[in-house]
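The structure appears below as structure tokens.
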Amino acid sequence: MLSRRYPTSSWFEDMEKLQNEINRLFNTSQPSRSLAAPAFPAMNVWTSGEGALVTAELPGVQKDDIEISVVGQTLSIKGSRQTEELKEGYQYHRQERGYGNFSRSIELPFPVEADKVEAVFDKGLLEITLPRAEADKPRKIVVKSN
Amino acid sequence: MTTESKNLEVKKEELAPAEGTERTRETRVYIPRTDIYETENEVVLTADVPGADEKSIDITLEKDRLTISAYVEPRRPENYSLAYAEYGVGDFQRSFNISKEIDREKIQAVVKDGVLRLTLPKREAAKTQKIAVKPA
């Protein structure tokens, strides 16, 4: 830490506080708590220096019914889950699995390379890999001497 | 035919262990959402078990109790840390009582895209036993 010769504004301190908050949010191995998803599907977000990994559980959804788009820092997932059409005379005893359309957008912690986003759907699990934008990656600056 | 729509539920319901017992596996256990419908010849049960496949699902039938256990290994992507979580990952377990009219030998199970589908055929009507009452 540099010692201050002149009184400075609290701007630096505020930035530092904010930085700590962000680090706490994105760098802890265990999230402080599980948030309630505001809409279907619930998503988990993993991050590293290289990018983000977003996962969601979409059991019974067809691969072709999932639509993923990335605009700036926003990731959107759209889709629908079909229900089985019951023939006449068939009768439900229990119906707990929902169906219909779903759509959700989340804000990513950093800009991503939209054309390098990859998604895999297997066993009802969706996994989206979003590489961090090259321009946004932290850069190391070499100090030259004359 | 159903015309009503049922909302897609976000929250996973956790299964509480039976009183006085503990789990042997150190993971969470969830109750899979299940639909059950009956047709003329069979009862069909579908359950959401995302992350499970044919190798990780156990179905047992003990007397009248049909138990579905799906084991899901929580994924921890290398070099990543969990930034925020909206759902937990764990096993699924649920039991149902099966009526006498189900032919236990012919129960079939298929899993696809994280949905388990059990077909429970009813016994053939011909197999209904009739007991003749003889005069003494």
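Taking the average, over residues, of other Cβ atoms within 10 Å as the packing measure, peptides A:36-43, A:112-119 rank A:36-43, A:112-119 from highest down. Highest mobility in the GNM of chain B, judged by mean-square fluctuation with C-alpha springs under 10 Å and restricted to B:THR24, B:THR60, B:THR39, is found for B:THR24.
By per-residue mean of other Cβ atoms within 10 Å, what is the highest-first order of A:64-73, B:49-58, A:83-92? Can you show the working numbers first?
Working: A:64-73: 13.1, B:49-58: 18.9, A:83-92: 11.2.
Answer by packing, highest mean first, reads B:49-58, A:64-73, A:83-92.
Taking each residue as 0.36 nm, the span from B:GLU9 to B:ASN79 lengthens on full extension beyond its C-alpha to C-alpha distance by 22.1 nm. Placing +1 on the Cβ of every Lys and Arg and -1 on the Cβ of every Asp and Glu, with nothing else charged, gives the protein assembly as shown a dipole about its Cα centre of roughly 540 debye. If R0 is 25 Å, the Cβ-Cβ spacing of A:PHE110 and A:ALA36 corresponds to a FRET efficiency of close to 0.55.
Picking from B:ALA70, B:PRO135, B:ILE107, whose Cα lies most toward the positive end of the charge dipole for the protein assembly as shown (charges on Cβ: Lys, Arg +1; Asp, Glu -1)? Value: B:ALA70.
Cross-link list A:LYS17/A:LYS144; B:LYS12/B:LYS112; A:LYS63/B:LYS12; A:LYS87/B:LYS106: which exceed 27 angstrom alpha carbon to alpha carbon?
With Cα atoms farther than 27 Å apart: A:LYS17/A:LYS144.
Share of carbon and sulfur in the accessible area of region B:55-136 stands at 50%, probe radius 1.4 Å. Partners of B:LYS100 within straight-line reach, counting aspartates and glutamates whose Cα lies under 15 Å from its Cα and excluding those fewer than 8 residues away in the same chain: B:GLU38, B:GLU42, B:GLU62, B:ASP64, B:GLU124.
Each chain gives up part of its surface: B and A jointly bury about 4900 Å² of accessible area, both sides summed, for a 1.4 Å probe.
Interface residues of region A:91-105, defined as a loss of at least 10 Å² in heavy-atom accessible area between the chain alone and the complex of all protein chains with a 1.4 Å probe, are A:GLN91, A:TYR92, A:HIS93, A:ARG94, A:GLN95, A:GLU96, A:ARG97, A:GLY98, A:TYR99, A:ARG104. The mean accessible area for residues of region B:1-85, using a 1.4 Å probe and ignoring ligands and nucleic acids, is 65 Å² per residue.
The values are calculated or read from the model by the stated rules, or taken from the named source; none is laboratory data. Only a predicted model underlies this, so the values are computations on that prediction, with no experimental measurement involved. As a convention, Cβ positions derive from the backbone with ideal geometry for all residues, glycine included, and neighbour counts pool all protein chains shown. Side chains included, ligands, DNA and RNA excluded: accessible areas come from the protein's heavy atoms. Shrake-Rupley method; radii C 1.70, N 1.55, O 1.52, S 1.80 Å.
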